[in-house]
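Since the structure comes first, as structure tokens, the remarks are kept for the end.
The values are calculated or read from the model by the stated rules, or taken from the named source; none is laboratory data. As the structure is a computational prediction, the values presented were derived from the model and not from experiment. With ideal geometry, Cβ positions are generated from the backbone for all residues, glycine too; neighbour counts draw on all protein chains shown.
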2 protein chains.
Amino acid sequence: MATTSLSISETCAAAKRASRELAALSSEVRDGALCAIADALIAHTSEILEANARDLEAGEAAGLSDALLDRLALDERRVAAMARGARTIASLPDPVGEVIDGSTLPNGLTKRRVRVPLGVIAVIYEARPNVTIDAAALCLKSGNAVVLRGSSSAMHSNAVLAAVAERAAAQAGLPAGALALVAGGGREELAELATQTGVVDLIIPRGGEGLKAALKGVATIPVIYAASGNNHVFVDASADPRDALAIALNAKLQRPGTCNAAEKLLVHAEVAGTFLPDALAALSAAGVRLHGDARARDAAPGVEMDVATSEDWDTEYLAPEMAVAVVDSLADAIEHVNAHGSGHSEAIVTASTASARAFQLGIDAACVYVNASTRFTDGGEFGMGAEIGNSTQKLHARGPIGLRELCTFKYLVEGSGHIRA
Amino acid sequence: MATTSLSISETCAAAKRASRELAALSSEVRDGALCAIADALIAHTSEILEANARDLEAGEAAGLSDALLDRLALDERRVAAMARGARTIASLPDPVGEVIDGSTLPNGLTKRRVRVPLGVIAVIYEARPNVTIDAAALCLKSGNAVVLRGSSSAMHSNAVLAAVAERAAAQAGLPAGALALVAGGGREELAELATQTGVVDLIIPRGGEGLKAALKGVATIPVIYAASGNNHVFVDASADPRDALAIALNAKLQRPGTCNAAEKLLVHAEVAGTFLPDALAALSAAGVRLHGDARARDAAPGVEMDVATSEDWDTEYLAPEMAVAVVDSLADAIEHVNAHGSGHSEAIVTASTASARAFQLGIDAACVYVNASTRFTDGGEFGMGAEIGNSTQKLHARGPIGLRELCTFKYLVEGSGHIRA
């Protein structure tokens, strides 16, 4: 595979050259390449599964947990899902070339702000080999060259997936270097990749806190960190109790391991006595381990509940586990959320338009929900088609990181010999 | 002055608290505060000029250059200009609350992406005391709390300006802490300010390369660096020679010390022989010191010109000085610009729609001009009303950093008990 014989900086430089050509290609060619990648994945399924078997064997020998081995494992169905994913991304509207806004200036100059690719995006990811195809498809669709760095545990799978995709993309007319996998799982290689100033335009880590921490120490190029979510559901005094319970159950349990799951339940003191006994019993019966403050425990003495510690309010459980607090007012709820939330997804259940407005205005988070589950924070649910993660930072990308967020823009200004007076 | 008695982290924490209230204030209150600041500046002119006299005295004693002393000096006219600037910013459209886009999702959820303040913005600046008011007005207008850190050479002026503005803002209904000046010009204080993670949302340095370098080493919070511009004017084969000369002269000379001035002239080989003799004679006669490559020097043997070194192509002169090269094609021009430009403002002069399109597509820069001077890259010229600098980074802000770029957004999602299936 050609890509692994180059050094990291050579690979990135080649990606930079490719990015100049990529930015000028029509969406027809880019979409065609994604479909060609999908076809090639299907055609090379057995080769991919063979490589995957070697990774699984090595993983078993190294004593990886069953959960990690499952994340690593591919089969025909999973390969087909990757191909389908690439085709879905190909079918999305092209973000490149979109005119964001524009005007004719008083002096007659026309000015347009046009969405363009960032250039080169590096994606660093762990375990799941399907990210190889997913990340590549999102970056190429948005006109970016992509440099991939997977985990060593999936090295054989990733190498074959990247080689198959690279070959298919080149045959479909993408420039050489537009898609590359870099080898080397060490800290030094990570640092080399994360310091390609002027060459790599953005680095996106998709992995655990260890990876993020490692990057934070060394990166000199822009990073968008996929975020964790310490999310709250606030049940206002006027909330419909059935809606409130349904939303709390859904936000907590529909998929507890995700960043948009709720971790906290806040209840207005006025309804704590009526709402909490049934609600906490239902959450407990559904298998949620509860941590309650004094008033929550008092309100539902029949429900098994731990004493919530101050640490609980800042903890993302990513599990069927939830901390519950009673607050005296909407203002207190907002203050609690802004103090402890991670700025991801926050929900209020209320019948009051005034409370809804105040919550929307007061909460400092990427996504603020009124009478809906936090679980909707998702590129697919938001109609963005696909995402590469969720951002809780405030600059550039906030919320789902979709195709648009993988782009920048430039101002195109046209005149007829205009000079400044 | 209350602000200086707090530590940097206390000042930032107070700004954070203020930012929560600021984000919920109507534009009427924020605009009223800017007008109140303008009135107060006029009312306190003599106090401001007294403080400025102390800075000038200290500056003279310290042997500051005449240029620096001029930048430092205030008089009635300059104070009035500051007040006028604040009123102009107050009159701009409010970026806060603008619905950027939105839709009703297939499941009936309504989703809006709404522009909101970033929170707390720290502005670090050098010499000119007017930045105190200018930066404060832009930040407050966009609903942000602002922490200012000026240079020690303007400490008395800045202290009075900030105190006058702070008092006026508070009387007009802005929360305490919304505007604060921090003292301490040392590296340690800079580092403390630049590491207020979760408190200060953005730091904007307005100063020289030394300040930027100092920040790059220590900042853990997002920074937008006001950019330098190594900008090019490319004269295509089909260019109208009069337009080309007028644009080159304007881009170089209308204000040579600015980041949007042109530093390089590239000329298509087909017209080098006809265009360059007159054009370079005119630039030279206008006082521009020229550095030419071999072909440029050959084309205009009668014009005094230095031999352009490889360093010249990467140098921003910020002076009446320009390097000139002959290129064989539009593609070579694009490659040269992308290799040496700083991604700020790039112009082509051409009569060919095909060349214009290719240049717009191929150039990787914040602002790409067709038949117009690079000098138009400016918040005011772009109809953004005002700016706090120009960005050549690709994430979040690219080009003029106006009110919109001092904001982030959040998704507001409304349902009627929606849960995810």
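Summary of values
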item	result
Single unsatisfied condition, B:Leu330 versus (1) over 21 Å from B:Phe234 (Cβ atoms); (2) aliphatic (A, V, I, L, M); (3) in contact with a Ser or Thr (Cβ under 7 Å, 6 or more places away or on another chain)	(1)
Tally, over segment A:173-226, of residues that are within 30 Å of A:Tyr317 (Cβ to Cβ), in contact with a Ser or Thr (Cβ under 9 Å, 6 or more places away or on another chain) and of a type in the set (Val, Ile, Thr)	2
Residues being under 14 Å from B:His232 (Cβ atoms) and more than 33 Å from the chain's Cα centre (by Cα) - total across segment B:265-295	0
Segment A:399-421, subset at the interface with chain B (Cβ under 7 Å from one of its Cβ atoms) and out of contact with any helix residue (DSSP H, G or I) (no Cβ under 9 Å at 6 or more places or on another chain), residue farthest from B:Arg420 (Cα to Cα)	A:Tyr411
Count of residues meeting criterion [over 26 Å from B:Lys141 (Cβ atoms) and polar (S, T, N, Q)] in segment B:53-97	1
Elements of type strands (runs of 3 or more DSSP E) contained in segment B:305-394, each with 1 or more residues being hydroxyl-bearing (Ser, Thr, Tyr) and within 13 Å of chain A (Cβ to nearest Cβ)	B:345-349, B:367-372
Residue within segment B:228-244 that is within 27 Å of the chain's Cα centre (by Cα), more than 22 Å from B:His340 (Cα to Cα) and of a type in the set (Gly, Ala, Ser) present	no
Qualifying residue in segment A:382-390 (condition: of a type in the set (A, V, I, L, M, F, W, C), buried (at least 22 other Cβ atoms within 10 Å of the Cβ) and not assigned by TED's automatic domain parsing to the domain that holds A:Ala122)	yes
Residue check for A:Ser103: without any contact (Cβ under 8 Å) to a residue 40 or more places away in the chain and among the hydroxyl-bearing types (Ser, Thr, Tyr)	yes
Search result, residues across segment B:400-421 that are farther than 18 Å from A:Thr350 by Cβ and small (Gly, Ala, Ser)	B:Gly402, B:Ala421
Residue within segment A:86-98 that is in contact with a strand residue (DSSP E or B) (Cβ under 8 Å, 6 or more places away or on another chain), within 14 Å of chain B (Cβ to nearest Cβ) and hydrophobic (A, V, I, L, M, F, W, C) present	yes
Filter result (away from chain A (no Cβ under 14 Å) and among the small types (Gly, Ala, Ser)) within segment B:258-279	B:Ala269, B:Ala272, B:Gly273, B:Ala279
Residue match in segment A:319-333 (condition: of a type in the set (D, E, K, R), modelled with pLDDT of 95 or more and more than 23 Å from A:Pro277 (Cβ to Cβ))	no
Which numbered condition B:Ala213 fails, given (1) assigned by TED's automatic domain parsing to the domain that holds B:Ala67; (2) touching a helix residue (DSSP H, G or I) at 6+ places or on another chain (Cβ under 7 Å)	(2)
Residue match in segment A:277-287 (condition: surrounded by 15 or more Cβ atoms within 10 Å (Cβ to Cβ), closer than 24 Å to A:Glu381 by Cβ and not β-branched (Val, Ile, Thr))	yes
Some residue of segment B:224-234 being modelled with pLDDT under 90 and not small (Gly, Ala, Ser)	yes
